[in-house]
Amino acid sequence: MVKAMSAPLDSDLLRTFLAVADAGNLTRAADSIGRTQSAVSMQLKKLEDMLGDPLFERHSRGVVPTAQGLRLVDNARRIVALLDDTAASMRLPALAGTVRIGISEEYINSTLPKALGAFAAVHPGVEVTVQQGVSISNVNALAAGEIDIAVVFEPGGPTRNEVLMVDPTVWVTSDQHEAHQRRPLPIATYTYLAGGWCDELAMKGLKKRRIESRVAYASRTSNGLIAAVVSGLAIAPLSRSAIPAGCRELTEDDGFSVIDFSNVVLRTRPGHRSQTVDAMADAIRSAFATG
């Protein structure tokens with residue numbers, strides 16, 4: 001049976017709904033949006049009445065979205081984001097010019113589209129160019145003036161650069177093939193030779209645990225490593241955020257450990273900043289912050 005709504009959805013109700021979904025608690029949600037708990041409860045009740053279904057299950061420690069609530073979360077985020085982008089585009093002067101971005105492939109299909117979509121909604125006249133590449137290539141391109149912004153990996157720990165997130169590098173295996181149980185252990189790496197800090201730390205961890213291994217696949221890209229894992233040919237060191245469906249992280253229970261707590265950093269060209277570059281950098285920060 002199709003349920004008819006009595007009135008159009010109110011964006012204010014959706015914002016309250018998202019605050020509760022994110023906080024998992026009415027009191028914390030009320031504090032985050034500057035309203036009383038009773039006002040939040042009334043708005044949730046109004047939204048549930050409009051949709052004809054409960055959106056949260058109440059528990060002693062807070063609330064959890066129902067199946068219908070989970071369905072609404074993603075749509076509500078898109079609606080609220082579109083409204084905010086539209087409002088921003090009307091308030092701010094539209095920028096022009098160009099901005100060139102270099103980014104690791106791990107985020108080319110996930111975080112970057114969010115940033116580009118939000119940026120284009122506010123500054124449709126800016127010409128954006130994206131260069132996908134490994135971190136060292138993007139760092140070199142930034143130094144050479146070939147790009148304006150670089151989103152790259154760095155070894156974990158203190159850094160002078162702006163950290164967008166910490167994305168651990170872990171060993172990943174296929175759920176179906178379980179290549180991690182074979183000996184010698186088949187691994188996929190970025191190169192047969194010393195390929196930088198990731199390969200070095202990965203191999204060091206295996207040697208420390210006295211795991212005999214062999215290189216079964218070499219690739220210049222993480223997509224190649226993902227293909228090796230998904231096919232069951234090998235296990236591979238991947239960013240935790242890049243673990244594909246049907247695969248999982250190998251943990252201490254499996255006899256493996258985290259390879260490195262990698263920093264994902266944002267870098268811009270020193271002395272060559274502009275309003276356009278700053279606006280794109282803000283869009284990238286927001287995209288990483290919202291996941």
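Looking at the stretch 229-291, the accessible area is 46 square angstrom per residue; that uses a 1.4 Å probe and ignores ligands, DNA and RNA. Accessible area of the stretch 81-158 with a 1.4 Å probe: how many percent of it is carbon plus sulfur? Of all accessible area on the stretch 81-158, carbon and sulfur atoms account for 60 percent. Entry note, the chain: the mean residue ellipticity at 222 nm calculated from DSSP H runs of n ≥ 4, each adding -39500 (n - 2.57), is -13000 deg cm²/dmol after division by the residues and rounding to the nearest 500. A Gaussian network model of the chain, with springs between Cα atoms under 10 Å, assigns the largest mean-square fluctuation among Gly246, Gly224, Gly117 to Gly246. Note on Ser241 and Asp22: with the Förster distance fixed at 22 Å, the Cβ-Cβ geometry gives a FRET efficiency of about 0.70. Rolling a 1.4 Å probe across the protein heavy atoms gives the stretch 1-85 an accessible surface of 62 Å² per residue. The order of Ile33, Ile284, Ile259 by accessible area, most exposed first and with a 1.4 Å probe, is Ile33, Ile259, Ile284. Charged side chains reduced to their Cβ positions (Lys and Arg at +1, Asp and Glu at -1) give the chain a dipole of some 300 debye around its Cα centre. In the assembled protein chains, Glu146 presents an accessible area of approximately 110 Å² (probe radius 1.4 Å).
Of the two radii for the stretch 49-117, the radius of gyration is 1.15 times the Kirkwood radius, both from the alpha carbons; that is the Rg over Rh value. When the charge dipole of the chain is built from unit charges on Cβ atoms (+1 for Lys and Arg, -1 for Asp and Glu) and taken about the Cα centre, the candidate among Asn109, Ala39, Asn140 whose Cα reaches farthest toward its positive end is Asn140.
Legend: helices of the chain (whole DSSP H runs) are marked when their alpha-carbon atoms reach 20 angstrom or more along the helix axis and their mean Kyte-Doolittle hydropathy is at least -1.0; marked are 37-51, 67-91, 275-289.
Solvent-accessible surface of protein heavy atoms, probed at 1.4 angstrom with all chains present, puts Thr290, Thr221, Thr189 in the order Thr290, Thr221, Thr189, largest first.
Based on Cα contacts under 8 Å between residues 6+ apart, the stretch 23-155 shows a relative contact order of 20 percent. Among the listed values (i) 19.8; (ii) 13.9; (iii) 22.6, the one computed from these coordinates for mean projected area of the Cα convex hull in nm² is (i). Charges were assigned to the Cβ only: +1 to each Lys and Arg, -1 to each Asp and Glu. The resulting dipole of the stretch 155-291 about its Cα centre is roughly 440 debye.
Label-to-label distance for Lys46 and Asp254 is 4.9 nm, based on points extended 7 Å past Cα in the beta-carbon direction. For the chain, averaging the sequence separation of C-alpha pairs within contact (under 8 Å, six or more residues apart) and dividing by the residue count gives a relative contact order of 20 percent.
Cβ-Cβ distance of Gln37 and Leu9, R₀ of 30 Å, FRET efficiency by 1/(1 + (r/R0)^6): the value works out to about 0.85. With the whole protein complex present, Lys114 retains an accessible surface near 90 Å², based on a 1.4 Å probe.
The values are calculated or read from the model by the stated rules, or taken from the named source; none is laboratory data. Given the structure is predicted, the values throughout are model-derived calculations rather than measurements. Counting neighbours? That spans all protein chains shown, and the Cβs are built from the backbone with ideal geometry, glycine included. Side chains included, ligands, DNA and RNA excluded: accessible areas come from the protein's heavy atoms. Shrake-Rupley method; radii C 1.70, N 1.55, O 1.52, S 1.80 Å.
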